[in-house]
1. Would you point out the residue of the range 44-62, among those that are more than 16 Å from Ala157 (Cβ to Cβ) and near the ligand (Cβ under 9 Å from one of its atoms), that is most open to solvent (accessible area, probe 1.4 Å)?
2. With the range 235-283 as the region, which strands (runs of 3 or more DSSP E) entirely inside it contain at least 3 residues that are in contact with a helix residue (DSSP H, G or I) (Cβ under 8 Å, 6 or more places away or on another chain)?
3. Give me the pairs: first residue in the range 134-151 and over 19 Å from Ala252 (Cβ atoms), second residue open to solvent by 20 Å² or more (accessible area, probe 1.4 Å) and charged (D, E, K, R), beta-carbon distance under 6 Å, and six or more apart or on different chains, which are they?
4. Step by step: first the residues of the range 179-194, then only those that are within 17 Å of Ile261 (Cβ to Cβ) and open to solvent by 10 Å² or more (accessible area, probe 1.4 Å), then the one that is farthest from the ligand (Cβ to nearest atom). Which residue is that?
5. Among the residues of the range 232-243, is there at least one that is touching a residue at least 60 places away in the same chain (Cβ under 8 Å) and within 12 Å of the ligand (Cβ to nearest atom)?
6. In the range 244-280, which residues are in contact with a Phe, Trp or Tyr (Cβ under 9 Å, 6 or more places away or on another chain), within 20 Å of Asp186 (Cα to Cα) and more than 16 Å from the ligand (Cβ to nearest atom)?
7. Under the condition of being loosely packed, with under 15 Cβ neighbours inside 10 Å and of a type in the set (S, T, N, Q), which residue from the range 145-174 is farthest from the ligand (Cβ to nearest atom)?
Amino acid sequence: MEQIPFDKRTGTIWYNGEFVDWQDAKVHVLNHGLHYGSCVFEGERIYSGKIFKSLQHSQRLHQSAQMMDFIIPYSVEQLVIAKDQLVVKQNIIDGYMRAFAWRGSEKMAISAQHNSIHVAIACWTWPPYYSAEAREKGLKLKFARYRRPAPDSAPVAAKASGLYMICTISKHEAERDGYNDALMLDYRGYLAEATGANLFLVAKNGDLHTPLADCFLNGITRQTVIELAKKRGINVVEKHILPQELSNYCDAFLTGSAAEITRINSITEDYVFAKTSKLTLDLMQDYSNLVRGL
Ligand code: PMP
């Protein structure tokens, strides 16, 4: 079924402190966020009418803005309240939320020290990130064309829109080649993450390994899954992992607010995870219970 494009929908958007009609949430084409990538955002999920880890997401939005050298003119508390109000206004039971901030139009040049900062929040009903088939069979990944940059090459811990251009190019290429997503290495050649989700690997001895988040987003879901695993007494190891070490693992999955916990079937044709491990199934169940407050 064809989706209604986002600029053709109806409803309410929170825009610079006010609830406005969906169709009135507009920007001028000459804005710094669009031309120079000075935009930060959050992707959050709503479960049974409640935003999961809302406070942490709004805190991260503020931190991302600071890394981009701007300050969001609404407090974390104001954003959390606005998001809750929007869920009610939009009547969302299970859905997705975007909160984002960008530099406006006063100066259209690299330097934009005093440009106004704009903030908007939108939410909508949203199904799982990957198709039912991909979730059932597990994701097929290939290696991405681009690598995650070094911390001295980009503000790697920010959830900044500019950092996603290499993700979109890599994911498009993967999809064209028949894969569900691309797995990115980092600037040193270690496994990093997928284009919009973190990576976990199940070791044959029952330990859970995940790449050290020293040059990419330390996802809120990643941190949640580490906590859930530790609660189960699973030994979680955050470390640098080389691609050729993938043969040491019996199962793998991705985590993210959008991706939730999605199992990986294979990474290229060389690394196939034939069977879902009990550990992965347990963590999926734990996560599903947690987000629904069970
Ligand atoms: N890495 C990237 C590049 C992402 O876009 C996301 C999704 N926000 C994640 C990791 C996972 O982060 P989180 O669990 O906080 O959604």
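1. Step by step, filter the range 44-62, then rank; the result is Lys53.
2. Working: elements: 236-239, 249-256, 260-267.
So the answer is 249-256, 260-267.
3. Arg145/Glu173
4. Taking the range 179-194 as the starting set, the residues that turn out to be within 17 Å of Ile261 (Cβ to Cβ) are 180-181, 183, 193-194.
With the extra rule that they be open to solvent by 10 Å² or more (accessible area, probe 1.4 Å), the set shrinks to 180, 193.
On the way: Asn180: 15, Glu193: 5 Å.
Applying the filter and picking the extreme gives Asn180.
5. Taking the range 232-243 and keeping what is touching a residue at least 60 places away in the same chain (Cβ under 8 Å), we get 243.
Among the residues that remain, those that are also within 12 Å of the ligand (Cβ to nearest atom) are: none.
Within the range 232-243 (the criterion being touching a residue at least 60 places away in the same chain (Cβ under 8 Å) and within 12 Å of the ligand (Cβ to nearest atom)), the answer is no, since none of the residues qualifies.
6. Residues satisfying the conditions are Leu246, Ser247, Tyr249, Ser266, Ile267, Thr268, Tyr271.
7. Result: Ser153.
Condition check ((1) free of Cβ contacts under 8 Å to residues at least 60 places away in the same chain; (2) not aliphatic (A, V, I, L, M)) across all residues:
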position	(1), (2)
Val29	yes, no
Phe41	no, yes
Lys50	no, yes
Gln56	no, yes
Gln59	yes, yes
Asp69	yes, yes
Ile72	yes, no
Ser75	yes, yes
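The values are calculated or read from the model by the stated rules, or taken from the named source; none is laboratory data. Just so we're clear, the structure is a prediction, and the values are computed from it rather than from any experiment. Counting neighbours? That spans all protein chains shown, and the Cβs are built from the backbone with ideal geometry, glycine included. For accessibility, only protein heavy atoms count, side chains too; no ligands or nucleic acids. Shrake-Rupley method; radii C 1.70, N 1.55, O 1.52, S 1.80 Å.
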